[in-house]
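Asker: Attaching a single structure in structure tokens format; questions to follow.
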Amino acid sequence: MRPLVVLAAYLSMAPTWAIETPETIAWEWHGIVARGKALEIRGITGDIRAIPSDSDEVGVTARIDATDTPGGVRIRAFEGENGLVVCAVRQGTDTCVEESAANSCGRIDFEVHVPTGVRLAAHTVNGGIQAHRLTSDVDAATVNGGVSVSTSGTVKASTVNGSIDASLLKPFWSKAPEFSTVNGRISVQIPHQVKASVQAETRNGTVVSSVPGFRGKATEQTLNGQIGGGSGSGSGPMTMRSVNGSIELRQKI
């Protein structure tokens, strides 16, 4: 991994630090990430909130709870394999804090501004993820927290202890959407004109579909079939899986 200063090809502008209060440190990064590249946020404990950028710039703000961050933690932005990576590192190192250290890292909340065409990968362990009104693909994963997302791109969302609420704003996507949780419900809203194959399954819950024109097999705990005509969008079926929770698929009114 190369340091931030060599990212002139598609990243620019340096981060700035600002101490707001004795309890909170705010870190900011603003710059350009090329269309087709990804903005990856690697959180540990804390929420991630993503909203559309009002320009071509990516904006990232990290708010560190200075009273609950033992050992000293800072934020690092660097060039990853697929784009810009932002994560927490311990003082004196350049390596992202691992998930196994979630209980000793303290709380860091991220707010990101995502421009059109930049993919978002938002990962945390103890926290929720919100990504609303975006115009690109979203990959959102947490362990203890919920996921709420709306985008005109495709979505991959997963959690262990939490629910998923998703709204797909366009009827076509480049890859099949995926939604999975263990302890939580899944609610997905799709627009009209969607043509897609669908698979949904829950072990301890119910599957409810209010999509007109569904063709296939539906039971209390499974859904397997087609929405609209043809084979659908993407490279495979839209999948929704929960162990202990209900699944709802509905069309936007």
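Asker: If only one of Val118, Val125 is crowded, with 17+ Cβ neighbours inside 10 Å and either within 25 Å of Phe172 (Cα to Cα) or over 19 Å from the mean Cα position of the chain (by Cα) (or both), which one is it?
Answerer: None of the other options fit; the residue is Val118.
Asker: Within segment 30-66, track down each residue that is assigned to a strand (DSSP E or B), surrounded by fewer than 21 Cβ atoms within 10 Å (Cβ to Cβ) and among the polar types (S, T, N, Q).
Answerer: Thr61
Asker: Only one residue in Thr159, Thr135, Thr206 is on the phi < 0 side of the Ramachandran plot and surrounded by 21 or more Cβ atoms within 10 Å (Cβ to Cβ). Which one?
Answerer: Result of the check over Thr159, Thr135, Thr206: Thr159.
Asker: Restrict the check to segment 197-211 and report whether at least one residue is without any contact (Cβ under 8 Å) to a residue 40 or more places away in the chain and basic (Lys, Arg).
Answerer: Within segment 197-211 (the criterion being without any contact (Cβ under 8 Å) to a residue 40 or more places away in the chain and basic (Lys, Arg)), the answer is no, since none of the residues qualifies.
Asker: Further, regarding this structure: Counting only residues that are of a type in the set (A, V, I, L, M, F, W, C) and either within 22 Å of Ser136 (Cα to Cα) or surrounded by 14 or more Cβ atoms within 10 Å (Cβ to Cβ) (or both), which one in segment 14-29 is modelled with the highest pLDDT?
Answerer: Once the filter is applied, the top-ranked residue is Trp29.
Asker: Answer yes if at least one residue in segment 43-54 is at pLDDT 95 or above and hydroxyl-bearing (Ser, Thr, Tyr), and no otherwise.
Answerer: The answer is yes; a qualifying residue exists.
Asker: Limited to segment 169-196, what total is found for residues that are in a loop (DSSP other than H, G, I, E, B), in contact (Cβ under 8 Å) with a residue 60 or more places away in the chain and within 21 Å of the chain's Cα centre (by Cα)?
Answerer: 11
Asker: Need the failing condition index for Asn244 against (1) out of contact with any Phe, Trp or Tyr (no Cβ under 7 Å at 6 or more places or on another chain); (2) at pLDDT 95 or above; (3) assigned to a loop (DSSP other than H, G, I, E, B); (4) crowded, with 16+ Cβ neighbours inside 10 Å, just the number.
Answerer: (4)
The values are calculated or read from the model by the stated rules, or taken from the named source; none is laboratory data. These numbers come from a predicted model, not from an experiment. Positions of Cβ are backbone-derived with ideal geometry, glycine not excepted, and every protein chain shown enters the neighbour counts.
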